[in-house]
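Reading through the structure tokens given below for one structure.
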Amino acid sequence: MSKLDLTGQINGLTFNQLFLNASGVHCQSTEELDDLLNDPYMGGIVTKSATLAKRDGNPAPRYYELQNGSINSMGLPNYGFDYYIKYVLSDHAKPTILSVAGLSAADDVKLLHQIQDSDYDGLTELNLSCPNVIGKPQMAYDVDGTRALLDEIFAFYKKPLGVKLPPYFDLVHFDQIAAVLNKYPLTHVNTINSVGNGLWVDVASESVVIKPKGGFGGLGGKMVLPTALANVRALRQRLNASIKIIGTGGVQTGADVFAHILCGAELVSVGTQLQSEGLGVYKRLTTELERIMTDKGYQSLSDFRGNLKTI
Ligand code: SIN
């Protein structure tokens, strides 16, 4: 195991390794969640985003691997809130993050009331960014709606809460969303969710490659790395220091992990590469990251976190 310090902290909670899964990949069942927790190279886990009731999600095919990443329109298949809160309420050797996703703002409020009234005191992450629920917009693109929702939530919610964000592409939008998020005692933001509503065309069959929404789906993997890094960096430059950043998106190598940390990520999560490579990905990424850190003379992530140079 690591001789270097690869720890990160959210809300005073220490993650002994920096890696998490990206919510959605290998985290739907308790067996999958156990697999992740048992991996010595994982710092903690994020559950599949739980809706109030169990959902089957969108019709298949709904995930497709591309040369430089993936396109998916899973549609939040999950076993429902009760299943996941029971899992995070049991004892685990590592921190857990309970991801929840209402199908409406009213659902979000109901989910958080249930957590507030439960014995769960760990981290929760409100998913404001799933692009794949048919007919539902991505809440965090509506800045005023996000403000109104967080106002309503923090009027009663007193437990640790972060949010999962979609990618933003305009510096003005970073300013706007950061100004809203900075008003609340958020523990973290997780950035980015998949890049919504991409389209892949298979030229041989002259067809889309996934069924839901006529082929439109969220993009992940290598192709989204620059967008993910931009979002980590731009939000780190704008958010209160107390709001930590989980960097998600585009990680294929230890160098990609290093870049996320340099942009300001506290922890890093991996989705598409976990899906294609399997659980061994975390050991490989750790080895590659440690080699880079050792070559540069860094002992700890804090030696370079956020220290991206500009020209
Ligand atoms: C999905 O289930 O569609 C993916 C999860 C997400 O994008 O939030």
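Among the lysines, select those whose C-alpha is under 16 Å from the C-alpha of Lys110, and discard any that sit fewer than 8 residues away in the same chain. List returned: Lys54, Lys158, Lys159. Per residue of the chain, the DSSP helices (runs of n ≥ 4 H) give a summed -39500 (n - 2.57) that works out to -9500 deg cm²/dmol at 222 nm. Taking a ≥ b ≥ c as the square roots of the eigenvalues of the Cα gyration tensor of the stretch 180-290, is the shape rounded (a/c under 1.5), prolate (a/b larger than b/c) or oblate? In terms of gyration-tensor shape, oblate. Amide H contacts under 5 Å for Ile10: Phe15, restricted to partners 5 or more places along the chain or on a different chain, H placed in the peptide plane at 1.01 Å from N. Under the convention that each Lys and Arg Cβ holds +1 and each Asp and Glu Cβ holds -1, the size of the dipole of the chain around its Cα centre is about 460 debye.
Inverting the mean 1/r over all pairs of different Cα atoms, compute the Kirkwood radius of the stretch 169-228 and quote it in Å.
Working: mean 1/r = 0.0706 Å⁻¹.
That comes to 14.2 Å for the stretch 169-228.
Close amide H partners of Ile210, meaning residues 5 or more places away or on another chain with modelled amide H under 5 Å apart, do not exist here. Result for the chain in a Gaussian network model with C-alpha springs under 10 Å: among Val46, Val195, Val209, the largest mean-square fluctuation is at Val209. Ordering Gly218, Ile177, Leu199 by the projection of their Cα atoms onto the charge dipole of the chain, which places +1 on the Cβ of Lys and Arg and -1 on the Cβ of Asp and Glu, puts Ile177 at the extreme positive end. The residue among Thr14, Cys130, Gln299 whose Cα reaches farthest toward the positive pole of the charge dipole of the chain, with charges on the beta-carbon of Lys, Arg, Asp and Glu, is Gln299. Highest mean packing first, where packing is the average number of other Cβ atoms within 10 Å per residue, the peptides 270-277, 223-230 line up as 270-277, 223-230. Remark: the stretch 69-78, residue by residue, has Karplus-estimated 3J(HN,Hα) of x, 8, 10, 9, 9, 5, x, 6, x, 6 Hz, where x stands for each Gly or Pro and the curve is 6.51 cos²θ - 1.76 cosθ + 1.60 at θ = phi - 60°. Amide H to amide H, with H built 1.01 Å from N, Ala50 comes under 5 Å of Ser99, Val100, Ala101, counting only residues 5 or more places away or on other chains.
Structure remark: mean-square fluctuation, Gaussian network model of the chain, C-alpha springs under 10 Å; the largest value among Leu13, Leu36, Leu267 belongs to Leu13. Evaluated with a Cβ-only charge set (Lys, Arg +1; Asp, Glu -1), the stretch 39-100 carries a dipole of roughly 140 debye about its Cα centre, given to the nearest 20. Percent of C-alpha pairs per 10 Å bin in the chain, short distances first: 6, 29, 38, 22, 5, 0.
The numbers here are math on the coordinates, done by the rules we state, and not lab data. For clarity, every value in this text was computed on a predicted model and none was experimentally measured. Because the Cβ atoms are built from the backbone with ideal geometry, glycine has one as well, and the counts that use them run over all protein chains shown.
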